[in-house]
Amino acid sequence: MNLALFDLDGTLIPGDSDHAFGAFMIALGWVDAAEHARRNDAFYQQYLAGCLDIDAYVEFATHAWRARPLAEQQAARERFMAEVMAPMIQPQALELVRAHQQAGDLVAIVTATNEFVTRPVATAFGVPELIAVALERDAAGHATGRIAGVPSFREGKIARVDDWLAARGHAFGDFARTVFYSDSTNDLPLLERVSEPVATNPGPALETIARERGWRILRLFDQ
């Protein structure tokens with residue numbers, strides 16, 4: 001059995017689910033449009049530049065919905081999945097994931113976006129193993145705005161993958177082949193950890209690194 005890991009935003013989907021969910025909060029009228037859009041865009045630029053404060057971002061990204069009734073949260077997430085995310089899921093991305101599954105690989109999506117936003121997307125890809133930013137919740141089940149445990153971001157992706165594998169009785173060294181698909185330099189720690197890093201729909205900075213190091217480059221959405 002081999003190990004196949006996938007980033008989500010920009011890799012399996014041609015967009016950013018976290019940023020899109022922020023825009024959806026504006027569309028629902030749950031936030032002040034101008035202020036939320038400004039901060040949402042600013043955080044996204046931080047992410048692209050590799051300097052995102054993940055704790056501050058999660059507090060911001062959840063504030064629009066976390067105090068609302070749980071049923072209302074779930075209904076909004078279902079609408080977001082149907083109206084925004086489902087159209088982003090393209091056949092070639094589904095085929096790539098399924099090819100690894102059909103080969104008998106252990107497959108997981110490893111994303112820096114929180115679990116509330118990404119669980120339905122992972123389900124749509126047919127991937128039960130999701131490693132995402134876990135949200136701390138209070139006794140009533142409401143997100144507090146804080147991260148639970150190690151965020152699956154930058155070096156944290158390695159720690160979270162190691163913990164996930166250990167819980168299954170595995171370690172990186174157990175696999176003859178380990179592959180990770182990602183579009184971002186934020187994922188360099190995990191890309192450097194696997195035996196087969198694949199720069200997938202890479203930004204200019206990651207493409208430069210991939211060419212220098214001889215990594216495979218996959219343009220999933222140019223097909």
> Only one of (1) over 28 Å from residue 200 (Cβ atoms); (2) out of contact with any strand residue (DSSP E or B) (no Cβ under 6 Å at 6 or more places or on another chain); (3) open to solvent by 40 Å² or more (accessible area, probe 1.4 Å) fails for residue 31. Which number is that?
Replying inline: (3)
> Within segment 208-215, is there a residue that is polar (S, T, N, Q), loosely packed, with under 15 Cβ neighbours inside 10 Å and part of a loop (DSSP other than H, G, I, E, B)?
Replying inline: no
> Among (1) free of Cβ contacts under 8 Å to residues at least 24 places away in the same chain; (2) open to solvent by 40 Å² or more (accessible area, probe 1.4 Å); (3) part of a strand (DSSP E or B), where does residue 123 come up short?
Replying inline: (3)
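Inspect all residues belonging to segment 13-28 and state whether any of them is within 21 Å of residue 116 (Cβ to Cβ) and assigned to a strand (DSSP E or B).
Taking segment 13-28 first, the residues within 21 Å of residue 116 (Cβ to Cβ) are 13, 15-28.
Going one step further and asking which of them are assigned to a strand (DSSP E or B), we end up with 13.
Yes, the conditions are met somewhere in segment 13-28.
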>> Can you tell me which of (1) over 19 Å from residue 13 (Cα atoms); (2) of a type in the set (Asp, Glu); (3) touching a residue at least 12 places away in the same chain (Cβ under 8 Å) is the one residue 183 doesn't meet?
In response: (1)
> Are there any pairs with C-beta distances below 7 angstrom linking a residue in segment 195-223 that is free of Cβ contacts under 8 Å to residues at least 24 places away in the same chain to a residue that is among the hydrophobic types (A, V, I, L, M, F, W, C) and in a helix (DSSP H, G or I), with the two at least 6 apart or on different chains, and if so which?
Replying inline: 197/191; 199/206; 199/210; 202/210; 217/210
>> Looking at segment 37-55, can you tell me whether even one residue there is among the small types (Gly, Ala, Ser), at positive phi, surrounded by fewer than 12 Cβ atoms within 10 Å (Cβ to Cβ) and not in a helix (DSSP H, G or I)?
In response: no
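Select, from 99, 71, the only residue that is part of a helix (DSSP H, G or I), over 21 Å from residue 19 (Cβ atoms) and open to solvent by 70 Å² or more (accessible area, probe 1.4 Å).
Working: 99 fails: open to solvent by 70 Å² or more (accessible area, probe 1.4 Å).
Sole residue among the options that is part of a helix (DSSP H, G or I), over 21 Å from residue 19 (Cβ atoms) and open to solvent by 70 Å² or more (accessible area, probe 1.4 Å): 71.
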> Any residue at all in segment 1-19 that is modelled with pLDDT under 95, over 15 Å from residue 84 (Cβ atoms) and touching a Leu at 6+ places or on another chain (Cβ under 8 Å)?
Replying inline: yes
> For residue 65, all conditions in the list (1) surrounded by fewer than 14 Cβ atoms within 10 Å (Cβ to Cβ); (2) in a loop (DSSP other than H, G, I, E, B) hold save one; what is the number of the exception?
Replying inline: (1)
> So is residue 93 more than 16 Å from residue 11 (Cβ to Cβ) and either free of Cβ contacts under 8 Å to residues at least 12 places away in the same chain or of a type in the set (Gly, Ala, Ser) (or both) or not?
Replying inline: no
> Does residue 77 qualify as being surrounded by 13 or more Cβ atoms within 10 Å (Cβ to Cβ), touching a Pro at 6+ places or on another chain (Cβ under 7 Å) and in a helix (DSSP H, G or I)?
Replying inline: yes
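The values are calculated or read from the model by the stated rules, or taken from the named source; none is laboratory data. The structure displayed is predicted, hence computed values, not measured ones. FYI the Cβ positions are ideal-geometry reconstructions off the backbone, even for glycines, and counts take in every protein chain you see. Note: areas computed on protein heavy atoms with side chains; ligands, DNA, RNA excluded. Shrake-Rupley method; radii C 1.70, N 1.55, O 1.52, S 1.80 Å.
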